[in-house]
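So that we are looking at the same thing, I have put the structure below in C-alpha coordinates.
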Amino acid sequence: GAGVSQSPRYKVAKRGQDVALRCDPISGHVSLFWYQQALGQGPEFLTYFQNEAQLDKSGLPSDRFFAERPEGSVSTLKIQRTQQEDSAVYLCASSLGHLAGFNEQFFGPGTRLTVL
Amino acid sequence: AQSVTQLGSHVSVSEGALVLLRCNYSSSVPPYLFWYVQYPNQGLQLLLKYTSAATLVKGINGFEAEFKKSETSFHLTKPSAHMSDAAEYFCAVSDRQAGTALIFGKGTTLSVSS
(Lines give C-alpha, C1' and ligand atoms only; values in the text may rest on other atoms or scores of the structure.)
Protein backbone atom coordinates (compact mmCIF):
# COMPACT_ATOMS: atom_id res chain seq x y z
CA GLY A 1 0.00 0.00 0.00
CA ALA A 2 0.99 3.64 -0.22
CA GLY A 3 3.29 5.01 2.41
CA VAL A 4 3.55 8.49 3.85
CA SER A 5 3.99 11.08 1.14
CA GLN A 6 5.22 14.62 1.45
CA SER A 7 5.20 17.55 -0.94
CA PRO A 8 7.05 19.36 -2.19
CA ARG A 9 10.19 17.26 -1.89
CA TYR A 10 12.35 20.36 -2.24
CA LYS A 11 11.52 23.97 -1.48
CA VAL A 12 13.71 27.03 -1.86
CA ALA A 13 12.46 30.20 -0.20
CA LYS A 14 13.81 33.68 0.16
CA ARG A 15 14.21 34.92 3.69
CA GLY A 16 10.94 36.37 4.87
CA GLN A 17 8.69 34.29 2.63
CA ASP A 18 5.97 32.02 3.96
CA VAL A 19 6.04 28.31 3.10
CA ALA A 20 3.57 25.44 3.44
CA LEU A 21 4.65 21.82 3.60
CA ARG A 22 2.16 19.02 3.06
CA CYS A 23 1.97 15.54 4.54
CA ASP A 24 -0.32 12.73 3.40
CA PRO A 25 -0.27 10.02 6.06
CA ILE A 26 -1.06 6.37 5.61
CA SER A 27 -4.81 5.93 5.35
CA GLY A 28 -6.37 5.11 8.69
CA HIS A 29 -3.46 6.29 10.77
CA VAL A 30 -4.73 8.26 13.72
CA SER A 31 -1.47 9.81 14.84
CA LEU A 32 0.66 12.20 12.84
CA PHE A 33 4.02 13.68 13.79
CA TRP A 34 6.26 16.39 12.39
CA TYR A 35 10.02 16.35 12.94
CA GLN A 36 12.77 18.75 11.88
CA GLN A 37 16.14 17.35 10.81
CA ALA A 38 18.96 19.86 10.52
CA LEU A 39 22.02 18.98 8.47
CA GLY A 40 24.14 16.38 10.26
CA GLN A 41 21.67 15.99 13.10
CA GLY A 42 18.99 13.55 14.12
CA PRO A 43 15.32 14.40 13.69
CA GLU A 44 13.80 16.59 16.41
CA PHE A 45 10.15 16.48 17.38
CA LEU A 46 8.02 19.46 16.44
CA THR A 47 4.38 18.57 16.97
CA TYR A 48 1.87 15.72 17.20
CA PHE A 49 -1.75 15.23 16.17
CA GLN A 50 -4.27 12.63 17.19
CA ASN A 51 -6.92 12.80 14.50
CA GLU A 52 -7.56 16.55 14.07
CA ALA A 53 -6.48 17.49 17.59
CA GLN A 54 -3.01 18.93 18.06
CA LEU A 55 -2.09 17.37 21.39
CA ASP A 56 1.54 18.42 21.65
CA LYS A 57 3.26 21.36 20.02
CA SER A 58 6.07 21.70 22.51
CA GLY A 59 8.75 21.25 19.86
CA LEU A 60 7.73 24.12 17.59
CA PRO A 61 10.72 26.49 17.72
CA SER A 62 8.81 29.74 17.46
CA ASP A 63 5.38 31.23 16.84
CA ARG A 64 6.31 31.42 13.16
CA PHE A 65 5.66 27.69 12.96
CA PHE A 66 2.08 26.52 12.68
CA ALA A 67 0.64 23.08 11.91
CA GLU A 68 -2.87 21.91 11.18
CA ARG A 69 -4.75 18.73 10.36
CA PRO A 70 -8.32 19.96 9.95
CA GLU A 71 -9.99 16.72 8.84
CA GLY A 72 -7.78 14.28 10.64
CA SER A 73 -5.89 13.14 7.58
CA VAL A 74 -3.69 15.49 5.53
CA SER A 75 -1.53 17.85 7.56
CA THR A 76 0.18 21.09 6.66
CA LEU A 77 3.17 22.64 8.39
CA LYS A 78 3.38 26.35 7.75
CA ILE A 79 6.39 28.52 8.43
CA GLN A 80 5.88 32.26 8.30
CA ARG A 81 8.62 34.80 7.58
CA THR A 82 11.24 32.11 6.99
CA GLN A 83 14.73 32.57 8.39
CA GLN A 84 17.98 30.90 7.36
CA GLU A 85 17.97 28.81 10.51
CA ASP A 86 14.74 27.19 9.30
CA SER A 87 16.71 25.41 6.57
CA ALA A 88 16.31 21.70 7.29
CA VAL A 89 14.53 18.55 6.19
CA TYR A 90 11.01 18.38 7.58
CA LEU A 91 9.85 14.83 8.19
CA CYS A 92 6.30 13.65 8.64
CA ALA A 93 5.42 10.34 10.28
CA SER A 94 2.15 8.57 10.93
CA SER A 95 1.10 5.66 13.11
CA LEU A 96 -2.02 3.72 14.03
CA GLY A 97 -1.88 4.78 17.67
CA HIS A 98 -0.13 7.32 19.80
CA LEU A 99 2.25 5.30 22.00
CA ALA A 100 5.57 5.01 20.22
CA GLY A 101 6.46 1.78 21.96
CA PHE A 102 3.50 -0.07 20.49
CA ASN A 103 2.80 1.74 17.23
CA GLU A 104 5.48 1.98 14.59
CA GLN A 105 5.91 5.44 13.16
CA PHE A 106 6.16 5.34 9.38
CA PHE A 107 8.16 8.20 7.94
CA GLY A 108 7.78 10.07 4.69
CA PRO A 109 10.77 11.03 2.52
CA GLY A 110 10.80 14.56 3.88
CA THR A 111 10.75 18.06 2.43
CA ARG A 112 14.14 19.73 2.16
CA LEU A 113 13.69 23.46 2.83
CA THR A 114 16.45 25.85 1.90
CA VAL A 115 16.08 29.48 2.95
CA LEU A 116 18.32 31.90 1.08
CA ALA B 1 14.69 14.70 30.18
CA GLN B 2 15.48 11.64 28.15
CA SER B 3 18.34 11.68 25.73
CA VAL B 4 20.33 9.28 23.59
CA THR B 5 23.98 9.41 22.62
CA GLN B 6 25.45 7.70 19.59
CA LEU B 7 29.19 7.25 19.89
CA GLY B 8 30.95 7.81 16.59
CA SER B 9 29.42 9.91 13.88
CA HIS B 10 31.08 7.79 11.21
CA VAL B 11 31.93 4.08 11.17
CA SER B 12 33.75 2.37 8.32
CA VAL B 13 33.93 -1.38 7.85
CA SER B 14 34.92 -3.79 5.13
CA GLU B 15 32.37 -5.97 3.43
CA GLY B 16 31.94 -9.13 5.51
CA ALA B 17 33.19 -7.52 8.71
CA LEU B 18 31.26 -7.09 11.94
CA VAL B 19 29.14 -3.96 12.24
CA LEU B 20 28.88 -2.35 15.69
CA LEU B 21 27.03 0.93 16.16
CA ARG B 22 26.88 2.27 19.69
CA CYS B 23 23.95 3.86 21.49
CA ASN B 24 23.59 4.87 25.13
CA TYR B 25 20.46 6.30 26.70
CA SER B 26 19.94 8.57 29.65
CA SER B 27 16.84 7.80 31.67
CA SER B 28 16.11 6.71 35.22
CA VAL B 29 13.48 4.31 33.92
CA PRO B 30 14.45 2.17 30.93
CA PRO B 31 12.66 3.67 27.96
CA TYR B 32 11.51 2.06 24.76
CA LEU B 33 14.46 1.93 22.37
CA PHE B 34 14.59 1.93 18.60
CA TRP B 35 17.04 1.76 15.73
CA TYR B 36 16.14 3.40 12.42
CA VAL B 37 17.99 3.42 9.11
CA GLN B 38 17.90 6.23 6.58
CA TYR B 39 18.99 5.77 2.99
CA PRO B 40 19.66 8.86 0.85
CA ASN B 41 16.48 10.64 -0.21
CA GLN B 42 14.33 8.11 1.63
CA GLY B 43 12.36 8.18 4.84
CA LEU B 44 13.47 6.60 8.07
CA GLN B 45 12.82 2.86 8.30
CA LEU B 46 12.47 0.96 11.55
CA LEU B 47 15.13 -1.74 11.96
CA LEU B 48 14.13 -3.00 15.38
CA LYS B 49 12.77 -1.94 18.75
CA TYR B 50 13.01 -2.92 22.39
CA THR B 51 9.88 -2.66 24.53
CA SER B 52 10.15 -5.03 27.47
CA ALA B 53 10.45 -8.56 26.22
CA ALA B 54 13.72 -10.27 25.34
CA THR B 55 16.81 -8.13 25.83
CA LEU B 56 18.28 -9.38 22.54
CA VAL B 57 16.15 -8.01 19.75
CA LYS B 58 16.36 -9.19 16.16
CA GLY B 59 15.43 -6.88 13.35
CA ILE B 60 15.34 -6.72 9.60
CA ASN B 61 18.29 -7.20 7.26
CA GLY B 62 20.21 -9.34 9.77
CA PHE B 63 20.61 -6.62 12.39
CA GLU B 64 20.17 -7.18 16.10
CA ALA B 65 20.60 -5.15 19.26
CA GLU B 66 21.03 -6.01 22.91
CA PHE B 67 19.50 -4.00 25.72
CA LYS B 68 21.86 -3.77 28.70
CA LYS B 69 20.33 -1.95 31.64
CA SER B 70 23.53 -1.97 33.68
CA GLU B 71 25.33 -0.15 30.89
CA THR B 72 22.31 1.92 29.71
CA SER B 73 23.18 0.74 26.22
CA PHE B 74 21.41 -0.55 23.13
CA HIS B 75 24.17 -1.23 20.60
CA LEU B 76 23.32 -2.37 17.08
CA THR B 77 25.26 -5.22 15.50
CA LYS B 78 25.38 -7.25 12.32
CA PRO B 79 27.80 -10.17 11.92
CA SER B 80 28.69 -9.54 8.30
CA ALA B 81 28.37 -6.20 6.54
CA HIS B 82 27.01 -5.89 3.01
CA MET B 83 27.59 -3.01 0.65
CA SER B 84 23.85 -2.32 0.81
CA ASP B 85 24.13 -1.59 4.55
CA ALA B 86 25.80 1.74 3.85
CA ALA B 87 23.40 4.34 5.25
CA GLU B 88 22.71 6.64 8.21
CA TYR B 89 21.60 4.90 11.40
CA PHE B 90 19.69 6.55 14.21
CA CYS B 91 19.06 5.35 17.73
CA ALA B 92 15.90 6.70 19.36
CA VAL B 93 14.01 6.50 22.64
CA SER B 94 10.52 7.17 23.83
CA ASP B 95 9.14 7.45 27.32
CA ARG B 96 7.79 4.20 28.70
CA GLN B 97 4.91 5.84 30.54
CA ALA B 98 3.29 8.00 27.91
CA GLY B 99 5.78 8.39 25.13
CA THR B 100 4.47 9.54 21.80
CA ALA B 101 7.35 11.40 20.21
CA LEU B 102 10.68 9.78 19.41
CA ILE B 103 13.89 11.35 20.69
CA PHE B 104 16.71 10.67 18.27
CA GLY B 105 20.46 10.59 18.54
CA LYS B 106 22.61 12.50 16.08
CA GLY B 107 23.12 9.48 13.88
CA THR B 108 26.02 7.34 12.69
CA THR B 109 27.00 7.09 9.06
CA LEU B 110 28.03 3.56 8.12
CA SER B 111 30.38 3.15 5.18
CA VAL B 112 31.11 -0.29 3.74
CA SER B 113 34.09 -0.86 1.49
CA SER B 114 34.75 -3.80 -0.78
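Output yes when any residue across the range B:33-41 is open to solvent by 30 Å² or more (accessible area, probe 1.4 Å), more than 13 Å from chain A (Cβ to nearest Cβ) and modelled with pLDDT of 90 or more, and no when none is.
no
Sticking with this one: Can you tell me which residues in the range B:28-51 are assigned to a loop (DSSP other than H, G, I, E, B) and in contact with a Pro (Cβ under 8 Å, 6 or more places away or on another chain)?
Correct list: B:N41, B:Q42, B:G43.
OK, next. When you go through B:T100, B:T72, B:T109, B:T5 one by one, which is the residue that is at pLDDT below 95 and under 26 Å from A:P109 (Cα atoms)?
Exactly one of B:T100, B:T72, B:T109, B:T5 is at pLDDT below 95 and under 26 Å from A:P109 (Cα atoms), namely B:T100.
Hey, another quick one. May I ask you to list pairs of residues, at least six apart or on different chains, whose Cβ atoms are under 7 Å apart, with the first in the range B:82-96 being touching a residue at least 24 places away in the same chain (Cβ under 8 Å) and the second being part of a strand (DSSP E or B) and among the polar types (S, T, N, Q)?
B:A86/B:S111; B:A87/B:Q38; B:E88/B:Q38; B:E88/B:T109; B:Y89/B:T108; B:F90/B:Q38; B:C91/B:Q6
Let me ask something additional. Can B:T51 be described as among the β-branched types (V, I, T), open to solvent by 20 Å² or more (accessible area, probe 1.4 Å) and at the interface with another protein chain (Cβ under 9 Å from one of its Cβ atoms)?
Yes, satisfied.
Given the criteria more than 8 Å from chain A (Cβ to nearest Cβ) and on the phi > 0 side of the Ramachandran plot, does B:T77 qualify?
no
Taking B:E66 as meeting all but one of (1) closer than 15 Å to B:L18 by Cβ; (2) touching a residue at least 24 places away in the same chain (Cβ under 8 Å), write down the number of the exception.
(2)
Now, a different point. Within the range A:10-77, considering only strands (runs of 3 or more DSSP E) that don't extend past its boundaries, which have at least 2 residues that are in contact (Cβ under 8 Å) with a residue 12 or more places away in the chain and within 14 Å of A:V89 (Cα to Cα)? Lay out the reasoning, then the answer.
Values: elements: A:10-13, A:19-24, A:31-37, A:44-50, A:53-56, A:65-68.
It comes to A:10-13, A:19-24, A:31-37, A:44-50.
Quick one: in the range A:78-90, which of the residues that are open to solvent by less than 60 Å² (accessible area, probe 1.4 Å) and touching a residue at least 60 places away in the same chain (Cβ under 8 Å) is nearest to the other protein chains (Cβ to nearest Cβ)?
The qualifying residue nearest to the other protein chains (Cβ to nearest Cβ) is A:Y90.
Something else about it: Only residues that are open to solvent by 40 Å² or more (accessible area, probe 1.4 Å) and at the interface with chain B (Cβ under 9 Å from one of its Cβ atoms): list them for the range A:14-68, please.
Those that are open to solvent by 40 Å² or more (accessible area, probe 1.4 Å) and at the interface with chain B (Cβ under 9 Å from one of its Cβ atoms): A:G40, A:Q41, A:E44, A:Q50, A:L55, A:D56, A:S58.
Do we find a residue being in a loop (DSSP other than H, G, I, E, B) and surrounded by fewer than 12 Cβ atoms within 10 Å (Cβ to Cβ) anywhere in the range B:62-85?
Yes, because at least one residue in the range B:62-85 is in a loop (DSSP other than H, G, I, E, B) and surrounded by fewer than 12 Cβ atoms within 10 Å (Cβ to Cβ).
How do the pairs read when you match residues in the range A:98-116 that are over 15 Å from A:A2 (Cα atoms) with residues anywhere that are in a loop (DSSP other than H, G, I, E, B) and open to solvent by less than 10 Å² (accessible area, probe 1.4 Å), using Cβ under 7 Å and keeping only pairs 6 or more apart or on different chains?
From the range A:98-116, the pairs are A:L99/B:G99; A:A100/B:G99; A:A100/B:L102; A:G101/B:G99; A:V115/A:T82.
Another question, then. I want to confirm something. Restricting to the range A:1-13 and keeping residues that are open to solvent by 50 Å² or more (accessible area, probe 1.4 Å) and modelled with pLDDT under 95, which single residue is nearest to the other protein chains (Cβ to nearest Cβ)?
Per the criteria, the residue is A:A2.
Criterion first (open to solvent by 20 Å² or more (accessible area, probe 1.4 Å), within 14 Å of chain A (Cβ to nearest Cβ) and in contact (Cβ under 8 Å) with a residue 60 or more places away in the chain) does B:S27 satisfy it?
Working: open to solvent by 20 Å² or more (accessible area, probe 1.4 Å): yes; within 14 Å of chain A (Cβ to nearest Cβ): yes; in contact (Cβ under 8 Å) with a residue 60 or more places away in the chain: yes.
Yes, satisfied.
Looking at B:A92, is it within 13 Å of chain A (Cβ to nearest Cβ) and loosely packed, with under 12 Cβ neighbours inside 10 Å? Break it down stepwise before answering.
Working: within 13 Å of chain A (Cβ to nearest Cβ): yes; loosely packed, with under 12 Cβ neighbours inside 10 Å: no.
No; evaluated as a whole, the condition is false for this residue.
The values are calculated or read from the model by the stated rules, or taken from the named source; none is laboratory data. This one's a predicted model, so the numbers in the text were calculated from it and none came from an experiment. Ideal geometry is used to build each Cβ from the backbone, glycine not excepted, and the neighbour counts take in all protein chains shown. What goes into the accessible areas is simple: the full protein's heavy atoms, side chains included, and nothing from ligands, DNA or RNA. Shrake-Rupley method; radii C 1.70, N 1.55, O 1.52, S 1.80 Å.
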